[in-house]
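The values are calculated or read from the model by the stated rules, or taken from the named source; none is laboratory data. Just so it is clear, the structure is predicted and the values come from calculations on it, not from any experiment. Every residue, glycine as well, gets a Cβ built from its backbone with ideal geometry; the counts of neighbours run over all protein chains shown. In case anyone asks, the SASA skips ligands and DNA or RNA and just uses the protein heavy atoms, side chains included. Shrake-Rupley method; radii C 1.70, N 1.55, O 1.52, S 1.80 Å.
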Amino acid sequence: METETGKNRRPKRLQWIPVVAGFLRRGNTVLVGQRPENHSLAGLWEFPGGKIEAGETPEIALARELREELGIEAEIGDLKIAATHSYGEVNILILFYEILFWKGEPKAKHHLMLEWIEPRDLMNRPIPEANKKMMDRLMKALGQPWPKSS
Ligand code: DGT
């Protein structure tokens with residue numbers, strides 16, 4: 001490929017950050033948390049989760065994040081949505097999993113606060129741009145209550 005310097009160079013490789021997040025359901029509601037002040041996207045409402053660390057599978061990463069953020073032991077269910085988003089220089093690949101079973105009561109160990117909300121209430125809250133872009137897919141994935149959550 002011809003570049004401004006006239007040399008043949010490969011296009012710049014993008015940096016990707018792999019992220020996992022979980023849908024915890026209780027009846028018609030889903031659990032969301034408000035991002036803490038000292039983090040990027042502070043104050044926005046998100047699904048619990050975070051970055052996959054080197055050597056982790058997505059499921060192991062999500063179980064760890066849910067342990068750290070909510071203090072629960074979760075069984076990671078099916079992958080519901082895979083999506084990409086660019087925040088300027090930062091590109092994320094985000095995988096959303098359903099969480100049907102967990103032990104313990106979720107507590108806000110990381111978030112400013114947690115709330116169980118009806119999926120459509122997401123539209124009235126400040127949420128990450130990545131999630132806004134995939135609202136249709138989120139609503140489809142969260143449209144029906146799952147058979148059991150405890
Ligand atoms: P930071 O903010 O760079 O200090 O790192 P963390 O550890 O607070 O960020 P983390 O681990 O929550 O990374 C998740 C990234 O994915 C972050 O850029 C926000 C973005 N994201 C977009 N939608 C969601 C979502 O629904 N849940 C979570 N957990 N992250 C989301």
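Points worth noting:
- Taking every protein chain into account, the accessible area of the chain amounts to 59 square angstrom per residue (probe 1.4 Å).
- Counting lysine pairs in the stretch 15-137 that sit 8 or more residues apart in sequence, or on different chains, and whose Cα atoms lie under 18 Å apart gives 4.
- Formal net charge of residues neighbouring GLY49 (Cβ-Cβ distance under 13 Å; K, R +1; D, E -1): -3
- List MET113, MET139, ordered by accessible area with a 1.4 Å probe, largest first: MET113, MET139
- Applying both filters, DSSP loop and at most 11 other Cβ atoms within 10 Å, to the GluC sites (Glu not before Pro) of the stretch 46-101 gives GLU53, GLU89.
- Between GLY71, TRP102, MET123, the Cα set farthest toward the positive side of the dipole of the stretch 15-137 (charges on each charged residue's Cβ, about the Cα centre) is that of MET123.
- When the Cα atoms of the stretch 15-137 are aligned to their principal axes, the ranges along those axes come out at 38, 37, 29 Å in descending order.
- For LEU44, residues with placed amide H under 5 Å, excluding near neighbours: ARG35
- Distant-in-sequence amide contacts of PHE23, defined by a placed amide H-H separation under 5 Å and a gap of 5 or more residues or a different chain, comprise TYR97, GLU98, ILE99.
- Long-range HN-HN contacts of GLU56 with modeled amide H, under 5 Å: none
- Note on surface exposure: HIS110, HIS85, HIS39 rank HIS39, HIS110, HIS85 by accessible area, highest first, 1.4 Å probe.
- Degrees, to the nearest 10: 58-70 long Cα axis against longest axis of the chain: 60
- Environment charge at HIS85 (Cβ cut-off 13 Å; Lys +1, Arg +1, Asp -1, Glu -1): 0
- Value of [θ]222 nm, deg cm²/dmol, for the chain, DSSP H segments ≥ 4, -39500 (n - 2.57) each, nearest 500: -5000 deg cm²/dmol
- With the convex hull of its Cα atoms as the shape, the stretch 87-147 has an orientation-averaged projected area of 5.7 nm².
- Each Lys or Arg adds one and each Asp or Glu subtracts one; over the other residues with Cβ under 12 Å from the Cβ of ALA141, this totals +1.
- Net charge dipole size for the chain [Lys, Arg +1 and Asp, Glu -1 on Cβ; Debye, nearest 20]: 300
- Protein accessible area in the chain, 1.4 Å probe - carbon and sulfur %: 52
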